[in-house]
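Each remark here refers to the structure printed beneath this line.
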Amino acid sequence: MALLKILHYPDPRLHTVAKPVSEVDDAIRGLAADMAETMYSAPGIGLAATQVDRHIRLIVVDISEQKNRLLTLINPRILMKEGESVHEEGCLSVPGIYDKVARAEHIRVQALDLAGKTFEMDATGLLAVCIQHEIDHLDGKVFVEYLSRLKQTRIRHKLLKQAREAM
Ligand code: NI
C-alpha cells in the first residue's frame, strides 16, 4: 500500500470528468486500498480517484468515528434524490476551507463493489453529503464551485499563496 499525492484546488486536473471503470480487477482493488490509506492518513472522510489524479469513477468513504466502515463505490450513480439539507463541507483538495453547501438529504445510490458486483444503498445526513461531494469530484466539480464568485476568487488566491509559500 502507498500514500498518494492529493491534488489541490485550483489544479485544473480536478476538473477532469472521470471515465467509468470497465473491469474491477486487482489494479482497481490496489488503487482503492491506496486511496483508503491516503484518506485515513490525511485524515478525511471521503476521497475520489480524481483527487489523486486517476480519472476513473472510484470513490472511498468512511464517516464512522472508529474508521472501520470503509465504503468503496465503483461507477457510483445516484438513482434518487430527496429533500434538501445544508451542511458545512470541507475537502482534502481545498485544505483549511469550510463552507455551507445545500444538497439532497436522502439519496439512493447504485455502484459496483470491490468484487465487481452491483449493489444499491440508501444514504442520509452526512453520508449522503459525502457521497454527493465525492461523485461531484468524478464529474470534475469541487465544492467551492457552489459558493459565490467572490468566495471562489478568495479561496483560489489563498490556496495559490499557500502553495507558493510551501515551495
Ligand atoms: Ni472533496
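Have a look at Ile56, Ile45 and point out the one that is touching a residue at least 40 places away in the same chain (Cβ under 8 Å) and in contact with a helix residue (DSSP H, G or I) (Cβ under 6 Å, 6 or more places away or on another chain). Step through it out loud before you land on a result.
Values: Ile56 fails: touching a residue at least 40 places away in the same chain (Cβ under 8 Å).
Only one candidate passes the filter, namely Ile45.
Comparison of Leu31, Leu58, Leu73, Leu92 shows that the only residue that is crowded, with 16+ Cβ neighbours inside 10 Å, under 27 Å from Ser148 (Cβ atoms) and out of contact with any His (no Cβ under 8 Å at 6 or more places or on another chain) is Leu92.
Filtering segment 127-162 down to residues that are aliphatic (A, V, I, L, M), surrounded by 13 or more Cβ atoms within 10 Å (Cβ to Cβ) and more than 12 Å from the ligand (Cβ to nearest atom), which residue is farthest from the chain's Cα centre (by Cα)? Of everything passing the filter in segment 127-162, Leu160 is farthest from the chain's Cα centre (by Cα). When Ala27 is tested against (1) within 16 Å of the ligand (Cβ to nearest atom); (2) without any contact (Cβ under 8 Å) to a residue 60 or more places away in the chain; (3) in a helix (DSSP H, G or I), exactly one condition is not met: (1).
Among the criteria (1) in contact with a strand residue (DSSP E or B) (Cβ under 6 Å, 6 or more places away or on another chain); (2) of a type in the set (A, V, I, L, M); (3) more than 16 Å from the ligand (Cβ to nearest atom), the one Ala166 does not fulfil is (1).
Can you tell me which residue within segment 88-105, out of those that are closer than 12 Å to Gln132 by Cα and not hydrophobic (A, V, I, L, M, F, W, C), is farthest from the ligand (Cβ to nearest atom)? Steps first, please.
Quick first cut of segment 88-105, residues closer than 12 Å to Gln132 by Cα only: 89, 101-105.
Subset that is not hydrophobic (A, V, I, L, M, F, W, C): 89, 103, 105.
Values: Glu89: 8, Arg103: 13, Glu105: 19 Å.
By that ranking, first place goes to Glu105.
For segment 58-81, a residue qualifies if it is basic (Lys, Arg) and either over 18 Å from Leu92 (Cβ atoms) or in a strand (DSSP E or B) (or both), and the qualifying residues are Arg69, Arg77, Lys81.
Every read-out reported here was derived from the displayed coordinates using simple, explicitly stated rules and does not represent laboratory data. Just so you know, these numbers come straight off a predicted model, no measurement behind them. So basically every Cβ, Gly included, is an ideal-geometry build from the backbone, and we count neighbours across all protein chains shown.
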